[in-house]
Ligand SMILES: Cc1cc2nc3c(=O)[nH]c(=O)nc-3n(C[C@H](O)[C@H](O)[C@H](O)COP(=O)(O)OP(=O)(O)OC[C@H]3O[C@@H](n4cnc5c(N)ncnc54)[C@H](O)[C@@H]3O)c2cc1C
């Protein structure tokens, strides 16, 4: 049954060839940073870093050259992103655009949209956020109520998005809205590219429990956008969002969010750990290695133009479960006192302990993913 | 070769490994007819080169064969035979005619060379169908490293034993018996080759058994009606099945990856990951399968237990989750935190040259 679901994938030499240059770049840019910074992983924001990465040609690497891309394979991109995450690089300023907004524009966008957005994303100069969730529509995403109505040759948008990561520092949001009423809630949805500086938009920061401002509420009040801002077809929003989620759920960010803590744990245990500690570390490593294989396998299928959305749910569920277990294992293994002003390690542990609950929420909850897996099994 | 193997082994096993056959095997009866059928079909020594009666199949091609042995709960040492043949040839020992199995030497077992002959002092524990085999391959530390040893079963005193699945796991006592051959085996000197390749095949068997178990569970969840609907319509059941399916998929991936690496210089890391993952997932998967099946799955009549009792046995054979995780953990800690990621990458490198032709 599962025999061919995750066919093994090995990275081609041209993809592997990127690894050393990326590592050298990261050593140069990030050497000597405190662990707490690395602990933020892909939530870390550094516009300057993203621009430098863009200058290297490492954003949008799979896109056509005429749009600023590198025409490399998804597996070359895989090498870049996994090295960024393993090093705990601050990538959020370009992460969303590189991972899903750009690919969405490339697939469904008009020529004019591609020309306008893609080169700027590749330079690391244009940040995107994901406008899906609303206060009354989380897991039940298709029930959203933010509405776009035709207003002459344009659209008028009213409503509000919530939990929008990084919106306060982004240039554009790809926003899922309702464009027509339909008895079937998955119909009548559309996606718009919205300039967050447009009149009528208010970005209200929401403090998360760690004290950071990682996400926001974004309110739309009579926001006028032109027809050119529609991505893909009017009414095709649901299918587009589903394709986007396959990209969002299968990458190495679903099992490397705690990598800084794993490295620190290993250093604290030293080269000759006791048996119990070695068992815990080895258990983590065996999962990391296997989940990476599964994630790579999906990357290879995406590269072939397939849409392995169900398999992506497997990787996200397994990976985020591991990520959430890691701080718990650390607490179970050794004396440690997470603290906010203590030494670097204590701060790292404090941050990850607090942030961990979000791993299985963002990008779709555990229960929803398992529902998708169950549907794939044929019981739903 | 892979697709051909996969088709024919699954066909043979589906036809022959019936509940009746499993029950006879559990009663201690060696399944001679089926073994000969598989041997004549070229499966028992497919890993050996043609001179030794095999076809020189590389490990990646053998993955579906060993996976099928797990899926069908085959009560015969076919995976052990494949590993034994491969190890013998890689140590330069000619593969003898006859039934082969694989066994771990107990602590304190030693080799001695006297008058040009090798002798084994000690015992092999829990040898799969040790009593029915003609030859057993083991490894013993000697002169600073592992030696691969080929011994004749007739030289040993057999102590019958069974694992939880009532598969024969016999003790073979060899107090000073001569052995056919003993050769240094330093290919992956950090590990015991028998432990390694035993763990390799068990990980694929566990993957196969879990895969079949997931299928049985889905089928049962669609058939069994309570409160007026199939139990698979209840979200609590769906969520458990999803966990079972992801555990199963991760074990399959882990095992297949280990088979892809098995022909390489240092397959130890991949094998350790595979057996650690498989052994850890086995218990969790068996528990879910029984929960979903209710009382019927707890009967001897129902066939679920042929799989779950194997999972409970195989997870500890050739190293538990704790054993392999500890090995991995020590390897990683030795290198320090910064060494972890490069190690994972290096160990998951390219393997085309070694025979992987996915
Ligand atoms: C740190 C963080 C960043 C985020 N960033 C973004 C972002 O950038 N853009 C964006 O659009 N969204 C973002 N989200 C929102 C995220 O996608 C939602 O939190 C998620 O989809 C769940 O929605 P909810 O929080 O409303 O929970 P709910 O849907 O209300 O769920 C609450 C609980 O009920 C369960 N539940 C709900 N429905 C079912 C069901 N049918 N069956 C079983 N259980 C069910 C859920 O699994 C969960 O356990 C972010 C969230 C977090 C925590």
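Worth a mention:
- The stretch B:63-130 versus the stretch A:294-353: alpha-carbon centroid distance in Å: 40 Å
- What the Kirkwood sum gives for the stretch B:239-286 is a hydrodynamic radius of 11.0 Å, with every pair of different alpha carbons counted.
- Convex hull volume per residue, computed on the Cα atoms of the stretch A:25-77, equals 96 Å³.
- Taking the DSSP beta bridges with both ends in the stretch A:98-254, the antiparallel portion is around 85 percent.
- Sorted peptide list for B:292-302, B:254-264, A:320-330, criterion being average Cβ within 10 angstrom, highest first: B:254-264, A:320-330, B:292-302
- Choice from B:81, B:252, B:316 showing the highest fluctuation, given a GNM over chain B with Cα pairs closer than 10 Å: B:316
- Here the relative contact order of chain B, from alpha carbon pairs under 8 Å that lie six or more residues apart, stands at 15 percent.
- Counting all C-alpha pairs of the stretch A:225-380, share separated by more than 25 Å (%): 42 percent
- Reducing the stretch A:71-106 and the stretch A:26-59 to their Cα centroids gives an inter-centroid distance of 12 Å.
- Calculation over all alpha carbon pairs of the stretch A:1-93 in 10 angstrom steps from 0 returns a P(r) of 15, 44, 28, 11, 2 percent.
- Exposure proxy shown here: for A:35, A:331, A:94, the number of other Cβ atoms within 10 Å sets the order, fewest to most, as A:331, A:35, A:94.
- For the stretch A:270-314, the spread of Cα positions along each principal axis, largest first, Å: 47, 17, 10
- The stretch A:74-204 - Kirkwood radius from inverse mean 1/r over Cα pairs (Å): 16.0 Å
- Computed over the protein assembly as shown, the per-residue total of -39500 (n - 2.57) for DSSP H runs of n ≥ 4 gives a 222 nm mean residue ellipticity of -15000 deg cm²/dmol, rounded to 500.
- Rounded to two decimals, the Cα radius of gyration of the stretch B:146-294 over 2.2 N^0.38 Å is 1.39.
- For the stretch A:114-166, relative contact order (Cα pairs under 8 Å, six or more residues apart, normalised by length) works out to 35 percent.
- Per-residue average of Cβ from other chains inside 10 Å of B:270-281: 3
- Within the stretch A:200-242, backbone nitrogen closer than 14 Å to the virtual label 7 Å beyond the Cα of residue A:361 toward Cβ: A:206-217
- Per-residue mean of C-beta atoms belonging to partner chains within 10 Å, peptide A:318-325: 1
- For chain B, the calculated P(r) over all alpha carbon pairs, in 20 Å bins from 0 to the bin holding the longest distance, is 30, 57, 12, 0 percent.
- Taking chain B as a Gaussian network of alpha-carbon nodes connected by springs under 10 Å, the highest mean-square fluctuation of the residues B:234, B:63, B:43 belongs to B:234.
- Cα-Cα pairs of the stretch A:169-268 separated by more than 22 Å (percent): 52 percent
- Evaluated at q = 0.17, 0.23, 0.25 Å⁻¹: base-10 log I(q)/I(0), Debye formula over Cα of the stretch A:290-351: -0.68, -0.87, -0.96
- Pairs of alpha carbons in chain A separated by more than 30 Å make up 39% of all such pairs.
- Taking the inverse of the mean 1/r over every pair of distinct Cα atoms in the stretch B:98-211 gives a Kirkwood hydrodynamic radius of 14.4 Å.
- In the stretch B:21-82, the alpha-carbon atoms span a convex hull of 74 Å³ per residue.
- Most simply put, chain B has about 90% antiparallel DSSP beta bridges, counting only bridges with both residues inside it.
- Normalised by the number of residues in the stretch A:140-207, the average gap of Cα pairs under 8 Å and 6 or more apart makes the relative contact order 29 percent.
- Debye-sum result for the stretch A:1-51 in log10 I(q)/I(0), which assumes one identical scatterer on each alpha carbon, at q = 0.14, 0.20, 0.25 Å⁻¹: -0.61, -0.85, -1.01
- Sorting B:109-115, A:274-280, B:126-132 by average packing, meaning the other beta carbons within 10 Å per residue, from highest down gives B:126-132, A:274-280, B:109-115.
- Expressed in units of 2.2 N^0.38 Å, where N is the residue count, the Cα radius of gyration of the protein assembly as shown is 1.04.
- Euclidean distance of C-alpha centroids, the stretch B:1-56 and the stretch A:232-287, integer Å: 40 Å
- The convex hull around the C-alpha trace of the stretch A:69-127, projected and averaged over every direction, spans 4.0 square nanometres.
- Cα Rg, Dmax (largest Cα-Cα span) when computed across the stretch B:241-358, Å: 16.8, 53
- Shape metrics for the stretch A:129-171, restricted to C-alpha atoms - Rg then Dmax, Å: 12.0, 34
- Here r is the Cβ-Cβ distance between residue A:27 and residue B:298 and R0 is 51 Å; the resulting FRET efficiency, rounded to 0.05, is 0.35.
- Peptides B:280-290, B:217-227 ranked from most to least packed give B:280-290, B:217-227, packing being the mean of other C-beta atoms within 10 angstrom over each peptide's residues.
- Shielding by other protein chains, B:312-323, mean Cβ within 10 Å: 1
- Residue among A:89, A:289, A:246 with the largest mean-square fluctuation in a Gaussian network model of chain A, springs linking Cα atoms under 10 Å: A:289
We did not get these values from a lab; they are worked out from the coordinates using the rules stated. What you see is a predicted model, and the numbers here were worked out from it, not measured in a lab. Every residue, glycine as well, gets a Cβ built from its backbone with ideal geometry; the counts of neighbours run over all protein chains shown.
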